[in-house]
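For reference, the structure discussed in these notes is given below.
The values are calculated or read from the model by the stated rules, or taken from the named source; none is laboratory data. Owing to the predicted nature of the structure, the values given are computational and were not obtained by experimental measurement. Cβ placement follows ideal geometry from the backbone for every residue including glycine, while neighbour counts extend to all protein chains displayed.
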Amino acid sequence: MGKGKMKRNFARAYELFKKALDIDKKDPTANYCLGLMYMLGLVPDQEADIETAVKHYTRAGDDGRAMNALGVIYYIAPDPFEMDPARLLGFKSVRRDRKKSKFLLDKAVEKNNVQAHFNLGAIRLDETDKDTFSFSKAYDHFKNAATLGHTLAAYNIGVMHYTGLGTFKSCNVANAFLKHVVTMGKDSVDMQRAYKLVEKGRYAEATWLYMELAEMG
């Protein structure tokens, strides 16, 4: 067997996923992967197309990955009354529906999707949504995600113990998490930046940074 690395080829991947759907148009993995490609703008010669991504995620049925992605989309999509073309770019007819978002993320959690656990925690830290904002519930979701091996969730647990937000304040517990996480991985600098936002009480900004780091897919 060869030891060389396979070269990334989005055009070939797109072609193969489409062929999989020719065999079974409801194939959950092919639909999820195509949804991700449309969502992230990875389809050759096309801009990001959230509307088409939603169609593929929906066809994936009860796939936890797809339900998580849909939950994120319906949370961050433009407001129904948004008129700015720049903000509507890529979303087309897709509009924000936070009730639907939470329902989908809860369903993804039932499938034990680790990213959905994390995303529900991040949503609980969004101060712009007074109906769901809760430090303690955010902590619970992050704890569940951390238990399943989610690095950013473990980082958040450390931050919350350091500040006493949503749980008991303990520098020892915080250091146990932060010492392990902050020095690891490509996102360590950005995690430190998010941590500084939390220290300054800028929780909403920290939430969006966490979402970006998690790549929400």
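List of remarks:
- Output for segment 158-172, where each listed residue is part of a helix (DSSP H, G or I) and under 27 Å from the mean Cα position of the chain (by Cα): G158, V159, M160, H161, Y162, T163
- Residues in segment 162-183 that are closer than 18 Å to H117 by Cβ and buried (at least 20 other Cβ atoms within 10 Å of the Cβ) were compared, and the one that is modelled with the highest pLDDT is G166.
- Number of the exception - T58 against (1) at pLDDT 95 or above; (2) under 27 Å from D131 (Cα atoms); (3) crowded, with 19+ Cβ neighbours inside 10 Å: (3)
- Look at (1) more than 30 Å from K26 (Cβ to Cβ); (2) surrounded by 20 or more Cβ atoms within 10 Å (Cβ to Cβ); (3) basic (K, R); (4) assigned by TED's automatic domain parsing to the domain that holds F17 and you find that R124 fails only one, number (4).
- Among the candidates A86, A108, residue that is among the aliphatic types (A, V, I, L, M), in a helix (DSSP H, G or I) and surrounded by fewer than 17 Cβ atoms within 10 Å (Cβ to Cβ): A86
- Answer from F81, F118, F91 - the residue that is more than 23 Å from A20 (Cα to Cα) and buried (at least 22 other Cβ atoms within 10 Å of the Cβ): F118
- Residues of segment 127-147 satisfying the condition of being of a type outside the set (K, R) and either part of a helix (DSSP H, G or I) or within 14 Å of the chain's Cα centre (by Cα) (or both): F135, S136, A138, Y139, D140, H141, F142, N144, A145, A146, T147
- Test for A122: is it in a helix (DSSP H, G or I), out of contact with any helix residue (DSSP H, G or I) (no Cβ under 8 Å at 6 or more places or on another chain) and not basic (K, R): no
- The condition of being without any contact (Cβ under 8 Å) to a residue 60 or more places away in the chain, aliphatic (A, V, I, L, M) and outside the structural domain of K169 (by TED's automatic domain parsing) does not hold for L148.
- Of all residues in segment 68-79, those that are farther than 15 Å from D49 by Cβ have Cβ atoms under 7 Å from Cβ atoms of residues that are among the polar types (S, T, N, Q), 6 or more apart or on another chain, in N68/N113; N68/Q115; N68/N119; G71/S101; G71/N119; V72/N119; Y74/S101; Y75/S101.
- Pair list, Cβ under 7 Å, 6 or more apart: segment 43-61 residue assigned by TED's automatic domain parsing to the domain that holds S93, other residue exposed (fewer than 12 other Cβ atoms within 10 Å of the Cβ): P44/A11; E51/S93; R59/K25; R59/K26; G61/K26
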